[in-house]
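S.K.: My structure is below; once you've seen it, I'll send some questions.
The values are calculated or read from the model by the stated rules, or taken from the named source; none is laboratory data. In this text the structure is predicted, and so the values were computed from the model without any measurement. Here the Cβ positions follow ideal geometry from the backbone for every residue, glycine too, while neighbour counts run over all protein chains shown.
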Number of protein chains: 2
Amino acid sequence: MGLALRLAAAGTPVTVGSRTATRAKERVGEALERWSGRDLRIEGNHNEEAARCDLVVMATPWDAAVATGRGLAEAVSGKVVVSMGNALVRVGDEFQPVTTARGSVAESLQASLPASHVGAAFHHLPARMLASLDQDMDCDVLVCGDHPEALEQTRQLVASIPGLRPVVAGTLSMAGAIEAFTGVLLNVNVRHKARSAIKLTGL
Amino acid sequence: MGLALRLAAAGTPVTVGSRTATRAKERVGEALERWSGRDLRIEGNHNEEAARCDLVVMATPWDAAVATGRGLAEAVSGKVVVSMGNALVRVGDEFQPVTTARGSVAESLQASLPASHVGAAFHHLPARMLASLDQDMDCDVLVCGDHPEALEQTRQLVASIPGLRPVVAGTLSMAGAIEAFTGVLLNVNVRHKARSAIKLTGL
């Protein structure tokens, strides 16, 4: 929901999907109530309707991304689909990376959606930071993808949000490294009671 | 050699190891010539002698770390050994992470040195930046390890170098994510003709 809010706040009309339209409308209603002073073009609907948008972001829990994507394969055919999930499990106090059969959530999603082009981005942004519209951001967002169109549309999506700088990192072969690194950031946050994000210096 | 120079420049006496004392002395001689204006307590010797130091940093190419470490197991027994290698291969224009049997260079090194405590650090620092003593640094260095002593000694080693801030990220289970992320940074550097390093914001 945080990313949807940031996009809407930047002037992009957004449809938030959920398994049922009722659930989606409820969640969007709560968000609009919280940010009632703002003019946000955001609505809720079932996943099938949300998947009709020009660009689709898979913002499910990471282990639901492939199943959800597969169910929407026809609606997202020929489009760019953005993966933002991180394959992590909690082991005691620590978030540890796990490797999916294809190497990462993004690669698994691409494998399950051969008629779509997957771009990966937004992995390192703390959800709470994204959802706090009154908090300024200053973060680098690593972007990867196998197809030029996926890279370009994902890059533009990132750049449309104030405070985020897209940094292209390569093909989907880099997605595993980017997703796993979210575990590092989460652990740093737990240990340092912080909400850390990354900036690349020297760019 | 870059890390050795930075440590020596910060006042730490360093012995640089190599397979032969001659080769090590040659390399150190070249470095001292380049930085002749500085008072650097750095010398070269064979690996067995270098491994007698209180703290040992494995700065070999990543795929030589385990074999080299195993050969020095007795000398480093009971000590902290710092792993800084990144398990990466070049595929076309891209550096891609590979997973060793134990998950990472650091975990493989720890498995091969059961009587030592491995700390991992320094992965993301461009070698050329480290070796340029007249270049100021301002980087975060992620540190991980399974043993409190490994974490603490590695953290102190990082903190002893001006411009580097140690950030503890957890156990050696995080090493794979940290090493793989070096591939992301290298690709960003290739694409953007830069020498990027990371800073964590919000800490």
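S.K.: Among B:LEU172, B:LEU109, which is within 14 Å of chain A (Cβ to nearest Cβ) and out of contact with any Leu (no Cβ under 7 Å at 6 or more places or on another chain)?
M.R.: Working: B:LEU109 fails: within 14 Å of chain A (Cβ to nearest Cβ).
Matching residue, one of B:LEU172, B:LEU109: B:LEU172.
S.K.: For region A:44-57, check the following and say yes or no: at least one residue is part of a loop (DSSP other than H, G, I, E, B), within 15 Å of the chain's Cα centre (by Cα) and at pLDDT 95 or above.
M.R.: Yes, that holds for at least one residue.
S.K.: Then there's this: If we keep just the residues of region B:181-195 that are without any contact (Cβ under 8 Å) to a residue 60 or more places away in the chain and within 16 Å of B:ARG128 (Cβ to Cβ), which is surrounded by the most Cβ atoms within 10 Å (Cβ to Cβ)?
M.R.: By that ranking, first place goes to B:VAL188.
S.K.: Moving on to the next point. For region A:154-165, enumerate the residues that are in contact (Cβ under 8 Å) with a residue 40 or more places away in the chain and either basic (Lys, Arg) or surrounded by fewer than 21 Cβ atoms within 10 Å (Cβ to Cβ) (or both).
M.R.: A:SER160, A:PRO162
S.K.: Which condition number in (1) surrounded by fewer than 21 Cβ atoms within 10 Å (Cβ to Cβ); (2) modelled with pLDDT of 95 or more; (3) facing chain A (nearest Cβ under 10 Å) is the one that B:PRO114 fails?
M.R.: Every listed condition holds for B:PRO114 apart from (3).
S.K.: Here's a follow-up. Pairs please, first residue from region A:88-104 and more than 10 Å from every other protein chain (Cβ to nearest Cβ), second anywhere and among the hydroxyl-bearing types (Ser, Thr, Tyr), Cβ atoms under 6 Å, 6+ apart in sequence or on different chains.
M.R.: So the pair list comes out as A:THR100/A:SER108; A:ARG102/A:SER108.
S.K.: Take B:LEU5 and tell me if it is part of a helix (DSSP H, G or I) and surrounded by 16 or more Cβ atoms within 10 Å (Cβ to Cβ).
M.R.: Yes; evaluated as a whole, the condition is true for this residue.
S.K.: Taking the stated definitions as given, is A:VAL89 modelled with pLDDT of 95 or more and part of a loop (DSSP other than H, G, I, E, B)?
M.R.: Values: modelled with pLDDT of 95 or more: yes; part of a loop (DSSP other than H, G, I, E, B): no.
Answer is no for this residue.
S.K.: Here's a follow-up. Spot the failing condition for B:GLY85; the list is (1) of a type outside the set (D, E, K, R); (2) on the phi > 0 side of the Ramachandran plot; (3) in contact with a Leu (Cβ under 9 Å, 6 or more places away or on another chain), and only one is missed.
M.R.: The one condition B:GLY85 does not meet is (2).
S.K.: Select the helices (runs of 4 or more DSSP H) contained entirely in region B:96-203, then report the ones holding at least 2 residues which are closer than 13 Å to B:VAL81 by Cα.
M.R.: Details: elements: B:105-112, B:127-131, B:148-159, B:175-192.
By residue number, B:105-112, B:148-159.
S.K.: What is the one condition in (1) of a type in the set (A, V, I, L, M); (2) buried (at least 22 other Cβ atoms within 10 Å of the Cβ); (3) under 23 Å from B:VAL188 (Cα atoms) that B:VAL81 does not satisfy?
M.R.: The number of the failed condition is (3).
S.K.: Still on this structure, I have one more. So if I check each of B:ALA131, B:ALA121, which one is under 16 Å from the mean Cα position of the chain (by Cα) and away from chain A (no Cβ under 13 Å)?
M.R.: Exactly one residue qualifies, and that residue is B:ALA131.
S.K.: Condition first: surrounded by 13 or more Cβ atoms within 10 Å (Cβ to Cβ) and of a type in the set (S, T, N, Q). Now tell me which residues in region B:30-47 satisfy that.
M.R.: Scanning region B:30-47 gives B:ASN45, B:ASN47.
S.K.: Taking B:LEU32 as the residue in question, decide whether it is of a type outside the set (Lys, Arg), in contact (Cβ under 8 Å) with a residue 40 or more places away in the chain and either farther than 18 Å from B:ALA120 by Cβ or part of a helix (DSSP H, G or I) (or both). First the steps, then the outcome.
M.R.: On the way: of a type outside the set (Lys, Arg): yes; in contact (Cβ under 8 Å) with a residue 40 or more places away in the chain: no; either farther than 18 Å from B:ALA120 by Cβ or part of a helix (DSSP H, G or I) (or both): yes.
In short, no.
S.K.: In this structure, does B:ALA150 turn out to be touching a residue at least 60 places away in the same chain (Cβ under 8 Å), within 18 Å of B:ALA65 (Cβ to Cβ), out of contact with any Asp or Glu (no Cβ under 9 Å at 6 or more places or on another chain) and facing chain A (nearest Cβ under 7 Å)?
M.R.: On the way: touching a residue at least 60 places away in the same chain (Cβ under 8 Å): yes; within 18 Å of B:ALA65 (Cβ to Cβ): yes; out of contact with any Asp or Glu (no Cβ under 9 Å at 6 or more places or on another chain): yes; facing chain A (nearest Cβ under 7 Å): no.
Here the answer is no, as B:ALA150 does not meet what is asked.
S.K.: Looking for something in contact (Cβ under 8 Å) with a residue 12 or more places away in the chain and in a helix (DSSP H, G or I) - is there at least one such residue anywhere in region A:14-22?
M.R.: The answer is yes; a qualifying residue exists.
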